[in-house]
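Below: one structure, written as structure tokens.
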Amino acid sequence: MGSSELSFKLADHPKLPKDKILALIVLDGWGEANPDKYNCIHVAETPTMDSLKQGAPEKWRLIRAHGTAVGLPSEDDMGNSEVGHNALGAGRIYAQGAKLVDKALASGKIFEDEGFNYIKECFETNTVHFIGLLSDGGVHSRLDQLQLLLKGTVERGAKRIRVHILTDGRDVLDGSSIGFVETLENDLSQLREKGIDAQIASGGGRMYVTMDRYENDWEVVKRGWDAQVLGEAPYKFRNAVEAVKKLREDTKANDQYLPPFVIVDENGKAVGPIVDGDAVVTFNFRADRMTMLAKALEYEKFDNFDRVRYPKIRYAGMLQYDGELKLPSHYLVSPPEIERTSGEYLVHNGVRTFACSETVKFGHVTFFWNGNRSGYFNSALEEYVEIPSDSGISFNEQPKMKALEIGERARDAILSRKFHQIRVNIPNGDMVGHTGDVEATVVACKAADEAVKMIFDAIEQVGGIYVVTADHGNAEDMVKRDKKGQPQLDKDGNVQILTSHTLQPVPIAIGGPGLAPGVRFRNDVPDGGLANVAATVINLHGYEAPSDYEPTLIEVADN
């Protein structure tokens with residue numbers, strides 16, 4: 001890429017001067033919804049964020065963070081942190097995860113490309129294993145995509161199939177796992193009628209088995225490995241529907257935390273351990289919770305836990321989960337190629353950048369922000385700080401998480417005057433919201449607000465500008481609702497808590513002593529979304545955004 005392609009023009013308005021210090025704050029899982037007792041942001045003491053909403057209306061508005069606004073297939077698709085930060089950083093809307101896979105399945109291209117041909121080598125004599133989240137939540141995976149993969153795999157010669165399921169209860173209702181397992185069992189039974197040896201081989205809850213992220217707790221991956229590869233687990237059953245029902249009943253665990261189990265034959269032998277010569281597909285399209293398993297399956301040198309044995313397999317991910325690590329090296333669907341991100345532009349034009357979050361969201365303000373790219377664009381102009389997240393506990397046990405530490409590191413970076421942009425993600429609303437603990441989420445939102453205040457105070461001291469927004473909703477609506485919008489009850493009359501993201505819009509606010517009086521939000525971008533934030537921020541840095549970016553949300557009034 002030629003350097004001229006990355007050069008900005010200075011903004012053509014004198015009120016957008018260069019070299020102001022700008023704090024860019026992403027509140028994770030912080031949407032906007034009607035106030036009630038399940039809106040944890042409303043219930044929490046959040047005076048800093050409240051003051052923005054109650055202040056000048058031309059400096060606060062809502063933007064879209066789900067569906068087509070972030071490259072997902074439909075308006076029924078809730079946003080997530082990965083696609084949200086891709087859009088925030090790229091300034092353009094790219095077809096994402098599920099949409100990419102849908103296209104590849106609809107055209108049949110998925111079955112013609114290198115990744116599928118690579119695993120196809122095993123079909124004649126060995127087993128094809130599918131590992132992933134069994135649900136229709138659409139955040140990490142989708143059941144209908146697995147069904148199409150199974151169908152296409154059989155049509156192309158697979159004779160022996162094993163599925164290793166991870167139950168959800170996070171992006172879908174707790175308890176819904178039983179229905180998903182019944183659906184899959186029915187599909188596999190139809191394949192068996194056609195002479196295909198197809199079975200569920202193992203399972204477990206997503207938060208307890210396999211789907212850890214950011215190397216927070218390798219024990220989670222090990223529990224999955226033992227069941228999937230070694231065929232060993234503390235619980236053994238003859239079929240998966242019985243397994244899920246019985247484990248929910250006996251252990252009182254919800255879908256997210258079901259302990260690992262294996263399916264055994266009449267002799268008590270595991271029906272589907274992964275062995276030499278087999279093919280393995282991880283069918284999640286979202287990267288963050290598959291990367292650790294991908295390392296265990298792919299890396300010959302590996303010391304994060306004792307694998308006991310390391311089978312020689314052909315492994316492909318649904319997508320490539322880490323473009324920088326080239327992990328996995330084989331995948332069924334190519335990722336969106338995101339180039340010329342706002343971060344790259346800014347650094348190329350000498351804008352010194354500081355990015356910080358705690359472990360669980362550090363990749364979002366770096367890797368995903370930079371277009372699925374690890375590392376620095378220019379280490380002389382950038383500094384990325386990761387604060388270790390709490391490990392070994394559920395986030396509702398320490399709902400303040402590392403919000404104040406993130407605030408402190410951002411404050412120090414601002415006051416050092418070494419950087420033009422200080423970019424942070426404050427994870428509390430999302431990570432604690434996912435636990436379904438309403439009281440803890442209220443505490444989490446208060447802590448996030450305190451961190452914002454700390455950053456604002458520093459911006460005040462240096463005469464800078466702030467932009468505060470979010471990547472998707474979560475904490476603002478913690479209850480499942482019926483068609484009339486009323487809280488939904490389960491069969492026992494209890495309110496059904498919502499642990500997933502939402503379809504709600506998110507706020508964006510601008511301000512600070514460095515913001516010129518005439519700068520305000522435009523009225524002619526009513527459907528603005530996360531992708532419009534990049535051009536907005538570029539303008540506030542005193543530059544014109546690239547012409548193919550989504551339009552800026554701000555204008556400068558001449559009066």
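The values are calculated or read from the model by the stated rules, or taken from the named source; none is laboratory data. Just so it is clear, the structure is predicted and the values come from calculations on it, not from any experiment. Methodologically, a virtual Cβ is constructed for each residue, glycine included, from the backbone with ideal geometry; neighbour enumeration extends over all protein chains shown. When the accessible area is computed, the model is the full protein with side chains, heavy atoms only, and any ligands, DNA or RNA have been set aside. Shrake-Rupley method; radii C 1.70, N 1.55, O 1.52, S 1.80 Å.
With the condition kept exactly as written, say whether any residue in region 439-453 is part of a loop (DSSP other than H, G, I, E, B) and either open to solvent by 10 Å² or more (accessible area, probe 1.4 Å) or touching a His at 6+ places or on another chain (Cβ under 8 Å) (or both). No - not one qualifying residue is present in region 439-453.
For L100, the requirement of being in a helix (DSSP H, G or I), under 16 Å from I63 (Cα atoms) and within 18 Å of the chain's Cα centre (by Cα) is not met. Inspect all residues belonging to region 60-82 and state whether any of them is among the aliphatic types (A, V, I, L, M), more than 27 Å from N349 (Cβ to Cβ), modelled with pLDDT of 95 or more and part of a loop (DSSP other than H, G, I, E, B). Scanning region 60-82 turns up at least one residue that is among the aliphatic types (A, V, I, L, M), more than 27 Å from N349 (Cβ to Cβ), modelled with pLDDT of 95 or more and part of a loop (DSSP other than H, G, I, E, B). Evaluate the following for A287: is it open to solvent by 10 Å² or more (accessible area, probe 1.4 Å), in contact (Cβ under 8 Å) with a residue 60 or more places away in the chain and either closer than 30 Å to S334 by Cα or touching a Leu at 6+ places or on another chain (Cβ under 7 Å) (or both)? Taking the combined requirement at face value, the residue satisfies it.
Could you check, for region 264-284, whether at least one of its residues is modelled with pLDDT under 95, part of a loop (DSSP other than H, G, I, E, B) and within 30 Å of A531 (Cβ to Cβ)?
First, pick out the residues of region 264-284 that are modelled with pLDDT under 95: none.
Within region 264-284 (the criterion being modelled with pLDDT under 95, part of a loop (DSSP other than H, G, I, E, B) and within 30 Å of A531 (Cβ to Cβ)), the answer is no, since none of the residues qualifies.
Does F367 satisfy being crowded, with 16+ Cβ neighbours inside 10 Å, modelled with pLDDT under 95 and of a type in the set (A, V, I, L, M, F, W, C)? First the steps, then the outcome.
Numbers: crowded, with 16+ Cβ neighbours inside 10 Å: yes; modelled with pLDDT under 95: yes; of a type in the set (A, V, I, L, M, F, W, C): yes.
Judged against the criteria, F367 is a match.
Among the numbered conditions (1) part of a helix (DSSP H, G or I); (2) in contact with a Lys or Arg (Cβ under 9 Å, 6 or more places away or on another chain), the only one that L184 does not meet is (2). Determine, yes or no, whether I455 is within 18 Å of G79 (Cβ to Cβ) and touching a strand residue (DSSP E or B) at 6+ places or on another chain (Cβ under 6 Å). Considered against the rule, which asks whether it is within 18 Å of G79 (Cβ to Cβ) and touching a strand residue (DSSP E or B) at 6+ places or on another chain (Cβ under 6 Å), I455 comes out as no. For residues in region 168-188 being open to solvent by 30 Å² or more (accessible area, probe 1.4 Å) and among the polar types (S, T, N, Q), which is farthest from R289 (Cα to Cα)? Here the answer is N186.
When D76 is tested against (1) open to solvent by less than 50 Å² (accessible area, probe 1.4 Å); (2) within 24 Å of K480 (Cβ to Cβ); (3) of a type in the set (D, E, K, R); (4) out of contact with any strand residue (DSSP E or B) (no Cβ under 8 Å at 6 or more places or on another chain), only condition (1) is not met.
Table: residues versus (1) in contact with a strand residue (DSSP E or B) (Cβ under 6 Å, 6 or more places away or on another chain); (2) without any contact (Cβ under 8 Å) to a residue 24 or more places away in the chain.
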residue	(1), (2)
K446	no, no
D449	no, no
G463	no, no
A470	yes, no
Q496	no, no
D524	no, yes
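Of all residues in region 195-213, those that are buried (at least 24 other Cβ atoms within 10 Å of the Cβ) have Cβ atoms under 6 Å from Cβ atoms of residues that are among the basic types (K, R) and assigned to a strand (DSSP E or B), 6 or more apart or on another chain, in A201/R162. Screening L515 on (1) outside any strand (DSSP E or B); (2) open to solvent by less than 10 Å² (accessible area, probe 1.4 Å) shows it passes everything except condition (2). The set of residues from region 244-272 being under 29 Å from the mean Cα position of the chain (by Cα) and over 24 Å from I497 (Cα atoms) comprises P260, F261, V262. Scanning region 309-332 finds no residues that are over 25 Å from T125 (Cα atoms), among the basic types (K, R) and over 28 Å from the mean Cα position of the chain (by Cα). Looking across region 518-550, the residues that are within 25 Å of the chain's Cα centre (by Cα) and open to solvent by 20 Å² or more (accessible area, probe 1.4 Å) come down to D527, E550.
Every test in (1) without any contact (Cβ under 8 Å) to a residue 40 or more places away in the chain; (2) under 18 Å from R307 (Cα atoms) is passed by G231 save one, and that test is (1). Note down all Cβ pairs under 8 Å where the first residue falls in region 343-372 and is assigned by the TED database to the domain that holds K418 and assigned to a loop (DSSP other than H, G, I, E, B), the second is open to solvent by 10 Å² or more (accessible area, probe 1.4 Å) and of a type in the set (V, I, T), and they're at least six residues apart or on different chains. Close Cβ pairs (under 8 Å, with a partner that is open to solvent by 10 Å² or more (accessible area, probe 1.4 Å) and of a type in the set (V, I, T)) amount to G371/I338; N372/I338. Taking first residues from region 238-267 that are more than 15 Å from R206 (Cβ to Cβ) and open to solvent by less than 40 Å² (accessible area, probe 1.4 Å) and partners that are of a type in the set (D, E, K, R) and assigned to a loop (DSSP other than H, G, I, E, B), the Cβ contacts under 8 Å between residues at least 6 apart in sequence or on separate chains come to V262/E232; I263/R238; V264/R238. Residues in region 142-165 that are open to solvent by less than 10 Å² (accessible area, probe 1.4 Å) and assigned to a loop (DSSP other than H, G, I, E, B): A158 alone.
The residues listed here are K9, K15; of these, the one that is more than 29 Å from the chain's Cα centre (by Cα), outside the structural domain of D477 (by the TED database) and exposed (fewer than 14 other Cβ atoms within 10 Å of the Cβ) is K9.
K53 fulfils the conditions (1) open to solvent by 60 Å² or more (accessible area, probe 1.4 Å); (2) over 16 Å from V506 (Cβ atoms); (3) basic (K, R) except for a single criterion, (2). For beta carbons closer than 8 Å, sequence separation of 6+ or different chains, a first residue in region 137-165 that is without any contact (Cβ under 8 Å) to a residue 24 or more places away in the chain and a second that is open to solvent by 10 Å² or more (accessible area, probe 1.4 Å), the qualifying pairs are D144/D136.
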